[in-house]
Amino acid sequence: MEAQHVAAIALALAALGLLLIAALLVVRLSAARRSERTLTHALDERALQSAALNAAARGGERADAAAPARGGQPAGWKRLFERFAHAGVRWLDTPLGRQIVAEEDRRLLEQCGFVDTRMRGLFLMARILGMAILPLVAGMLAREHVSGSTCVVIVIAAALAGFMVPKIYVARRASRRRNGVIEELPLMVDLLRLLQGVGLSLDQSLQVMVSDFRTVLPVLSHELEIAQRQFAAGRPRDQSLNRLAASYDNEDLRAVVRLLIQVDRHGGAVQEPLKLFGDRLREARRAMLRERIGRLTVKMTGVMIVTLLPALMIVTAGPGVLAVTKSLHSTQR
């Protein structure tokens, strides 16, 4: 019995030691994640401040001229907007905030171009306010027309709708931007090859694409502008570009980003690799267009059967049917 007691005590002490080691590991991992979030938040704030200073320097005179005409009302709305954003930022790292703005939501926000914590805070506040305000409005409108149980169902459905509407909007915007990346990537590769061919550096090429080709590359120019702001704020080039590669689920974009990082680190001529890569992208795009055309042909067959076949039958068989009907009427007389 004494040996069994000693073995049980030893096992209990070993389990306690393992629990302590696991607790220390969890604390260290949480501290590392907290420090990483703090650093990311600081870099985002610095990038936002630099962008705001540049925008203020470019349009300060116009803002001063338009301020008296506005009468101060937008400033109040802007102040309220900023308060909501700061409240959302404070709640982001709480357990409730991590449940409301999950990793999937943060990825969708990055795909929409909302990379700073301020927009994540606004997204959190939008979901909370939608879940709180929409049920009140639905309950006030429905309580005079429906019974109690039906009103409760309507309120619950309105709460779910208010919670999901911001995510639906963000998901649709992210889907459009992912399609935009697919459409713009071959042109971006060709422009980058052209700019590198005339002797510009990588930083100059990216800056020219951001400033001069915003109309033809609306999505990628915005993403490259974010990467340039993060690089100017102190992030390494590979980290700022890897965010672009990780945000969109596109292997071709990852390949372009890897090539840009390699050029930034080691240099070298990239015109020929970019040319081969652009040709491969165009071939893949042609194959995708042929596939779309094939699917469209199958869909149009059903549309033609439903719409054109009745009209064709009326035009071709109508005179014969009328003649047979008239002959039958004449024989009956």
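Values quoted throughout were computed directly from the atomic coordinates according to the rules given, and no laboratory measurement underlies them. Quick caveat, the model's predicted, so the values are computed rather than measured. Cβ: placed from backbone, ideal geometry, glycine included. Neighbour counts: every protein chain shown.
Give me the net charge of VAL165's neighbourhood, meaning all other residues with Cβ under 14 Å from the Cβ of VAL165; Lys, Arg count +1, Asp, Glu -1. Local charge sum for VAL165: +3. A simple rule links phi to the HN-Hα coupling: the Karplus curve 6.51 cos²θ - 1.76 cosθ + 1.60 with θ = phi - 60°, which for segment 200-211 gives 7, 6, 5, 5, 5, 5, 5, 5, 5, 5, 6, 8 Hz, with x for Gly and Pro.
Computed from backbone phi, the HN-Hα couplings of segment 162-172 come to x, 6, 9, 4, x, 5, 4, 4, 5, 5, 5 Hz, rounded to whole numbers (Karplus: 6.51 cos²θ - 1.76 cosθ + 1.60, θ = phi - 60°; Gly and Pro given as x). Gain on full extension, evaluated as 0.36 nm per residue between ARG292 and GLU251 minus their Cα-Cα distance, stands at 12.7 nm.
Taking 20 °C and 1.002 mPa s as the conditions, I'd like the Stokes-Einstein D for segment 163-209 in µm²/s, using the Kirkwood hydrodynamic radius from alpha carbon pairs.
For these conditions, the coefficient is 169 µm²/s.
What the Cα convex hull of segment 190-333 gives, in volume per residue, is 167 Å³. Computed from the Cβ-Cβ distance with R0 of 45 Å, the FRET efficiency linking ASP190 to VAL303 stands at 0.80.
Each of TYR248, TYR169 was scored by other Cβ atoms within 10 Å of its Cβ. Listed from fewest to most, they are TYR169, TYR248.
Kindly put THR215, THR117, THR94 in sequence by how many other C-beta atoms sit within 10 Å of each C-beta, fewest to most.
Placing the least packed residue first, the sequence is THR215, THR94, THR117.
For the peptides 222-233, 320-331, 188-199, the ranking by packing is 222-233, 188-199, 320-331, with the highest mean count of neighbouring Cβ atoms within 10 Å listed first.
Once you list every other residue whose beta carbon is under 15 Å from the beta carbon of THR297, what net charge do they have if Lys and Arg are +1 and Asp and Glu are -1? It would help to have the intermediate numbers written out before the result.
Working: positive: ARG290, ARG292, ARG295, LYS299; negative: GLU291.
Summing Lys and Arg as +1 and Asp and Glu as -1 gives +3.
For CYS112, CYS151, the sequence from fewest to most other C-beta atoms within 10 Å is CYS151, CYS112. Tell me whether segment 198-253 comes out rounded, prolate or oblate; compute the Cα gyration tensor, take square roots of the eigenvalues as a ≥ b ≥ c, and use a/c under 1.5 as the rounded threshold. Judged from the Cα gyration tensor, segment 198-253 comes out oblate (a/c at least 1.5, b/c at or above a/b). D by Stokes-Einstein for segment 232-300, Kirkwood Rh over Cα pairs, 37 °C, 0.692 mPa s: 229 µm²/s.
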